[in-house]
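Everything on this sheet refers to the single structure shown next.
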Amino acid sequence: MSKETIIDWIENNKHTYTAMAQNIWDKPQLAYQEKYASSLQMNALKQAGFSIKEKVNGIDTAFIAEYGQGAPVIGILGEFDALPGLSQKPIPEKEEVTKNGPGHGCGHNLLGTAGVQAVIALKEKMDAESLQGTIRYYGCPAEEVLSGKTYMAKAGVFDDLDCALTWHPMTSNAAMYKSMQSMVSIKFHFKGKPAHAAASPESGRSALDSVEIMNIGVNYLREHVPDGTRMHYTITDGGQAPNIVPETATVWYFLRASSKEEVEKILLRVKDIAKGSALINDTEVESELLAFPYETLPNNPLNELMYLNMLKSNPLVYTEEEQRFAEKLAKTLPSAGKPVEELLPASISYKPYKAASMPGSSDVGDVSWIAPMGMITTTCAPKGTALHSWQATASFGTEIGYKGMHLAASSMALTAYDLLINKDNILEKAKETFNELRDGKVYEAGI
Ligand SMILES: [Zn+2]
């Protein structure tokens, strides 16, 4: 039987999933608080005949939906958390829905929904052809704080996967040919002694001074780390008022590099800087590790198969209205004025992974160290739109976003189908690549 039936199913049912993604976009929820989104998806999957495992590793919004039995076991990874401060209406001018409210500036309203759509489409096909195998949708919370999948991994829920598939909303249709960097998220809490800042500053020890000294130290470190390393911070507690010597202060760091091993080395040096800063002005410091995902291991055999299935899927076609939205939005982007060939790229490209890294990070990195993982991107916003921007939130709440989501769902469902029937021994090839990339190292959760 042809794969056309999957493509048709996606096409005929697209409004249901557009509505799901729209509802999640309308009610953005931050990391670990995605109750609405996770129950919406769980209900749809339950209704479609999937068995649901709720509260994975005790996390309220982490769940797994499963259908079928036996080998192979194919997982599709979904996400649904939003970002703080990115509230925006689905229009090409900056206008919040809620002042300082959250928004789907990373398109996770689309990311998870495409996964739900893909596994339900696949289930229909499995029933029609009495196919053997297990398919799973992983409802993964808290990607934006980069720890949801690590906590799920600690419960062993990815261990029996033959492979995993995922995607990310972006501004082009392609397979991921670069590795996303490993990253540590860590807070340094300094404790000093409070005092009246004018009357008796000599009896105080400023925790904020330690934070400032530490940041200077880290800024001097920048020259002496590998190219591509990223070190960024915010001061989340800097004291209460200038006339009180701050007793407590906290700085929150993200450190990123091309491999987890490299991040570990940089982290040791940053921890030494924190200790030195406390010593300099007589305070104390404690660190709090929040997340530490691996770099991703791009799997060429899976990525190429996803690419081929993207080509087989219904192509992206935009209305004049969508083109006008894109043109207007493009005028607000940093790239405004530069010539762009295709503002809404419908073309599809493939490049094999060759050991290059991109600056960003994701907790999908952890899954890619446990099982072979394929990943694509689709056009969900006009070219030049950066993720985590108001322009991204706007696009991901329009038909432009939903069209990219349907393409991703179709590509993942078609690929999972090929994997279920083990077309061209693709699972073996994916495992070979996975083992080559891991090079004998075994996954160990970073938190
Ligand atoms: Zn994201």
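The values are calculated or read from the model by the stated rules, or taken from the named source; none is laboratory data. What you are looking at is a predicted structure, and each value in this text was computed from that prediction instead of being measured. Cβ sites come from the backbone with ideal geometry, for glycine too, and all protein chains shown count toward neighbours. Ligands, DNA and RNA are excluded from the accessible area calculation, which covers all protein heavy atoms including side chains. Shrake-Rupley method; radii C 1.70, N 1.55, O 1.52, S 1.80 Å.
Residue by residue through the range 359-395, note down the ones that are farther than 21 Å from residue 325 by Cα and assigned to a loop (DSSP other than H, G, I, E, B).
Matches in the range 359-395: 359, 360, 361, 362, 363, 369, 370, 371, 372.
Residue check: is residue 128 open to solvent by 40 Å² or more (accessible area, probe 1.4 Å), away from the ligand (no atom under 14 Å from the Cβ) and either outside the structural domain of residue 408 (by TED's automatic domain parsing) or more than 19 Å from residue 33 (Cα to Cα) (or both)?
So residue 128 passes the test.
If only one of 145, 119 is touching a Leu at 6+ places or on another chain (Cβ under 8 Å), assigned by TED's automatic domain parsing to the domain that holds residue 343, modelled with pLDDT of 95 or more and open to solvent by 40 Å² or more (accessible area, probe 1.4 Å), which one is it?
Details: 119 fails: open to solvent by 40 Å² or more (accessible area, probe 1.4 Å).
After applying the criteria, what remains is 145.
Which of the residues belonging to the range 134-167 are of a type in the set (Ser, Thr, Tyr) and away from the ligand (no atom under 16 Å from the Cβ)? Walk me through how you get there before you give the answer.
Going through the range 134-167, the residues of a type in the set (Ser, Thr, Tyr) turn out to be 134, 137-138, 147, 150-151, 166.
The answer is 134, 137, 151.
Return the only residue of 253, 220, 177 being hydroxyl-bearing (Ser, Thr, Tyr), within 30 Å of residue 297 (Cα to Cα) and open to solvent by 10 Å² or more (accessible area, probe 1.4 Å). Reasoning before the result, please.
On the way: 253 fails: open to solvent by 10 Å² or more (accessible area, probe 1.4 Å); 220 fails: within 30 Å of residue 297 (Cα to Cα).
The match here is 177.
With of a type in the set (D, E, K, R) and either over 15 Å from residue 303 (Cα atoms) or crowded, with 24+ Cβ neighbours inside 10 Å (or both) as the only criterion, which of 429, 441 stands out?
441
If you go through the range 6-17 one residue at a time, how many are open to solvent by 20 Å² or more (accessible area, probe 1.4 Å) and either touching a helix residue (DSSP H, G or I) at 6+ places or on another chain (Cβ under 6 Å) or within 21 Å of residue 40 (Cβ to Cβ) (or both)? So that I can check it myself, show each step before the final result.
Residues of the range 6-17 open to solvent by 20 Å² or more (accessible area, probe 1.4 Å): 8-9, 11-16.
Okay, now just the ones that are also either touching a helix residue (DSSP H, G or I) at 6+ places or on another chain (Cβ under 6 Å) or within 21 Å of residue 40 (Cβ to Cβ) (or both), so 9, 12-16.
Count: 6.
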